[in-house]
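See below for the structure under consideration.
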Amino acid sequence: MYYNVIMDTLIRSVKYIENQRLKDSGHHKHADYQLLYIKKGNIEITINDRKCIVNSPSVILLNPSIQHNIAHTSDDYTRYIVSINPIQAEKVLDKNIIYMLKYLHLSNDNIFNLKENETNSIEICLSNIFLEQKNTNSLKDIFKNNLLSIILVILYRKIENNIIIPSKTILEVQKYIEQNLSEDLTLVNLAQKF
């Protein structure tokens, strides 16, 4: 079974895929942050040329700069895939969570092996996020955002001492580049400005 719901809020899309074989997509990256929860089965993921076998239950967090390729190694591969809008994330998520999403790849901590209590909490949140998509209540986005925040806090607590956060100057340069992508930026101009 394959279910997909797309929207333009913090959670741009939620997919629940049960026992469906993956098509080889080759190395690729996404415009959004991606949270992949492996509920059942095993996969082999290549993240920026680093191969890992990931067993369920696990979460993989990917930011838009991370090239990856996924191949499943078991036939009963069931997963949730949540695409998180980076622009909305900057507006509504705590700065520590944003740092985790943006800079997690610097410490090679993209893969989270989960304990039983973490698995239970994350599965409850993900299934409710998915079910909430059909709700027409005006407060559904707040509810979904809070559920996603719970998941991200659980993950953050697992690695908070390992996150490598670039210096303030690098963060300022990155922000400037992101805000001025349409301009002709050079290293000389950036060096003069910063």
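The values are calculated or read from the model by the stated rules, or taken from the named source; none is laboratory data. This is a predicted model, so every value here is computed, not measured. Glycine also receives a Cβ, built like all others from the backbone with ideal geometry; neighbour counts cover every protein chain displayed. Note: areas computed on protein heavy atoms with side chains; ligands, DNA, RNA excluded. Shrake-Rupley method; radii C 1.70, N 1.55, O 1.52, S 1.80 Å.
Descriptive notes on the structure:
- Any chance Ile70 is aliphatic (A, V, I, L, M) and surrounded by fewer than 18 Cβ atoms within 10 Å (Cβ to Cβ): no
- Tabulated pairs, the stretch 50-66, first without any contact (Cβ under 8 Å) to a residue 24 or more places away in the chain, second open to solvent by less than 30 Å² (accessible area, probe 1.4 Å), C-beta under 7 angstrom, 6+ apart or interchain: Ser56/Ile38; Ser56/Gly41
- Against the conditions (1) in contact with a helix residue (DSSP H, G or I) (Cβ under 9 Å, 6 or more places away or on another chain); (2) modelled with pLDDT under 85; (3) part of a helix (DSSP H, G or I), Ile165 satisfies every one except (3).
- Selection from the stretch 177-188 of residues that are open to solvent by 100 Å² or more (accessible area, probe 1.4 Å) and among the aliphatic types (A, V, I, L, M): Leu181, Leu187
- Only one of the numbered conditions (1) basic (Lys, Arg); (2) under 15 Å from Arg12 (Cβ atoms); (3) surrounded by 13 or more Cβ atoms within 10 Å (Cβ to Cβ) is not met by Lys91, and that is (3).
- Residue in the stretch 163-176 that is among the basic types (Lys, Arg), touching a residue at least 12 places away in the same chain (Cβ under 8 Å) and either open to solvent by 50 Å² or more (accessible area, probe 1.4 Å) or closer than 20 Å to Ser65 by Cα (or both) present: no
- Within the stretch 147-161, restricting attention to residues that are under 21 Å from Ile84 (Cβ atoms) and out of contact with any Leu (no Cβ under 9 Å at 6 or more places or on another chain), the residue that is modelled with the lowest pLDDT is Glu160.
- Qualifying residue in the stretch 37-45 (condition: in contact (Cβ under 8 Å) with a residue 40 or more places away in the chain and either surrounded by fewer than 14 Cβ atoms within 10 Å (Cβ to Cβ) or among the aliphatic types (A, V, I, L, M) (or both)): yes
- Test for Lys23: is it modelled with pLDDT of 90 or more and farther than 20 Å from Arg157 by Cα: no
- Candidates are the residues of the stretch 101-121 that are touching a residue at least 40 places away in the same chain (Cβ under 8 Å) and among the hydroxyl-bearing types (Ser, Thr, Tyr); the one that is nearest to Tyr33 (Cα to Cα) is Tyr103.
Yes or no, residue by residue, for (1) at pLDDT 90 or above; (2) in contact with a Phe, Trp or Tyr (Cβ under 9 Å, 6 or more places away or on another chain):
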residue: His27; (1), (2): no, no
residue: Tyr33; (1), (2): yes, no
residue: Tyr37; (1), (2): yes, yes
residue: Lys40; (1), (2): yes, yes
residue: Asp49; (1), (2): no, no
residue: Pro57; (1), (2): yes, yes
residue: Leu61; (1), (2): yes, yes
residue: Ile70; (1), (2): no, no
residue: Asp75; (1), (2): no, no
